[in-house]
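What follows is a short report on a single structure.
The values are calculated or read from the model by the stated rules, or taken from the named source; none is laboratory data. Computed from a prediction, not measured in an experiment: that's the story for all the values here. As a convention, Cβ positions derive from the backbone with ideal geometry for all residues, glycine included, and neighbour counts pool all protein chains shown.
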Amino acid sequence: MTYEIRTYSEEYLEKQFEIGNSHLKDWPGTGQTQVDNLKQYYARDNFDPETKFYAFKDGEMVGFQTATIKPLKEGETVVRANMEFPLVVEGHDAAIDLLMEHAMHALRAKGVGRVQSRGSPLWGNTMDLVTKYNYELKRTLSQSGVMSLSNYSDSGIEGARPFEESDLDAVRRMYIEEMKMPEQQVDNQFNFLSANPDAIAAWNLYIEDGVVLGNSIVTYLGGDRTKGIMSNIFASGEREAEIREKILNAHLRQLKERGVEELTVLLFGQWLDRQSEYEKYGMQFNLPLNLYHRDL
């Protein structure tokens with residue numbers, strides 16, 4: 001097959017979303033950015049259209065790959081770029097290597113000396129590409145754990161309760177003021193949940209005196225209503241470990257009642273060391289998302 005590699009044009013975004021979503025909807029801890037959000041990101045002053053690559057066959061887009069060149073920090077001598085691995089339409093695996101080679105050549109021509117890419121056993125063929133292109137491990141970004149709900153017996157730990165619409169303002173303040181999330185990111189998340197209520201498997205929080213001290217959402221994994229996925233349980237204050245356990249038990253009870261058979265938990269950043277809080281309920285952590293790098 002003969003493929004043509006092109007660089008960014010706004011008219012490609014709809015197909016980029018379609019291809020990306022077909023893969024990423026089943027990859028825990030990530031998701032395809034919506035078209036409107038892509039347009040916002042790609043409208044920024046520092047956007048470089050020559051770092052977004054698209055594979056075409058007979059005039060039809062069949063894959064893409066994105067990269068972002070990072071500005072040099074004080075003391076750094078090697079220009080780096082974050083580069084995601086290619087995503088392609090089924091039957092067009094031959095485009096993967098073409099995209100990889102084209103992207104690395106283009107980045108090298110722009111002075112990039114090292115690329116960083118994310119890989120996980122749960123993310124399609126990313127680990128195959130880590131090996132094929134001689135990447136080295138840089139650090140662990142997140143850790144995935146899986147547990148069977150059949151192993152959960154009600155602990156009797158109470159205190160958390162389900163989210164109600166009247167809690168929205170308080171939860172929003174928590175995200176912005178306590179978790180330091182940008183307002184736009186918070187609004188995007190709530191807009192998605194509002195537009196997709198059936199995606200929510202469980203949403204529990206802990207409130208004292210009208211203040212949200214803990215919050216967590218479980219969504220269905222890839223639309224499969226027998227599988228749930230959640231990230232770190234946020235809690236604040238001196239009793240945060242106790243609050244996290246209250247929320248976790250509320251989740252586990254509800255998920256089991258609703259027919260969810262398996263729960264995946266993603267821990268990242270400062271929460272990576274909290275695996276023991278989940279392991280005592282039968283969670284097994286052995287599926288990391290890592291950041292890999294290689295020189296060009």
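For the reader, a short list of remarks on this structure follows.
- Strands (runs of 3 or more DSSP E) lying entirely in the range 78-179 (those with 2 or more residues that are at pLDDT 95 or above and surrounded by 13 or more Cβ atoms within 10 Å (Cβ to Cβ)): 80-83, 114-119
- Failed condition for GLN189, given (1) within 23 Å of GLU262 (Cβ to Cβ); (2) polar (S, T, N, Q); (3) under 21 Å from the mean Cα position of the chain (by Cα): (1)
- Qualifying residue in the range 238-245 (condition: surrounded by fewer than 18 Cβ atoms within 10 Å (Cβ to Cβ) and among the basic types (Lys, Arg)): yes
- Cβ pairs under 9 Å, 6+ apart, first in the range 154-175 and more than 18 Å from LEU248 (Cα to Cα), second outside any helix (DSSP H, G or I) and among the aromatic types (Phe, Trp, Tyr): MET174/PHE234; TYR175/PHE234
- Within the range 127-143, the set of residues being touching a Leu at 6+ places or on another chain (Cβ under 9 Å) and within 18 Å of ASN82 (Cα to Cα) comprises VAL130, TYR135, LEU137, LYS138, ARG139, THR140, LEU141, SER142.
- Across the range 27-55, the qualifying residues are those that are touching a residue at least 12 places away in the same chain (Cβ under 8 Å) and among the aliphatic types (A, V, I, L, M), and the one among them that is surrounded by the most Cβ atoms within 10 Å (Cβ to Cβ) is ALA55.
- Flag if TYR292 is under 30 Å from MET104 (Cα atoms), in contact with a Gly (Cβ under 6 Å, 6 or more places away or on another chain) and not small (Gly, Ala, Ser): yes
- A residue that is of a type outside the set (A, V, I, L, M, F, W, C), outside the structural domain of LEU248 (by TED's automatic domain parsing) and surrounded by fewer than 14 Cβ atoms within 10 Å (Cβ to Cβ) occurs nowhere in the range 196-206.
- Residues located in the range 1-50, provided they are assigned to a helix (DSSP H, G or I), closer than 17 Å to ALA95 by Cβ and among the charged types (D, E, K, R): LYS15, GLU18
Residue-wise test of (1) in contact (Cβ under 8 Å) with a residue 60 or more places away in the chain; (2) under 19 Å from ASP295 (Cβ atoms).
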| position | (1), (2) |
| --- | --- |
| GLU60 | no, no |
| PHE64 | no, no |
| ALA67 | no, yes |
| LEU72 | no, yes |
| MET83 | no, yes |
| LEU87 | yes, no |
| ALA94 | yes, no |
| GLN116 | yes, yes |
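- Only one entry of GLY259, GLY282 meets the criterion of being under 18 Å from ILE157 (Cβ atoms) and part of a loop (DSSP other than H, G, I, E, B), and that entry is GLY282.
- Pairs with Cβ under 7 Å, 6+ apart, first in the range 229-250 and without any contact (Cβ under 8 Å) to a residue 24 or more places away in the chain, second in a helix (DSSP H, G or I) and surrounded by 22 or more Cβ atoms within 10 Å (Cβ to Cβ): ILE233/ARG244; ILE233/ILE247; ILE233/LEU248
- Only listed residue being in contact with a Leu (Cβ under 9 Å, 6 or more places away or on another chain), assigned to a helix (DSSP H, G or I) and closer than 23 Å to GLN143 by Cβ, chosen from ILE247, ILE229: ILE247
- Filter result for the condition that a residue is within 25 Å of GLU11 (Cβ to Cβ), under 24 Å from the mean Cα position of the chain (by Cα) and polar (S, T, N, Q), over THR131, THR68, THR126: THR68
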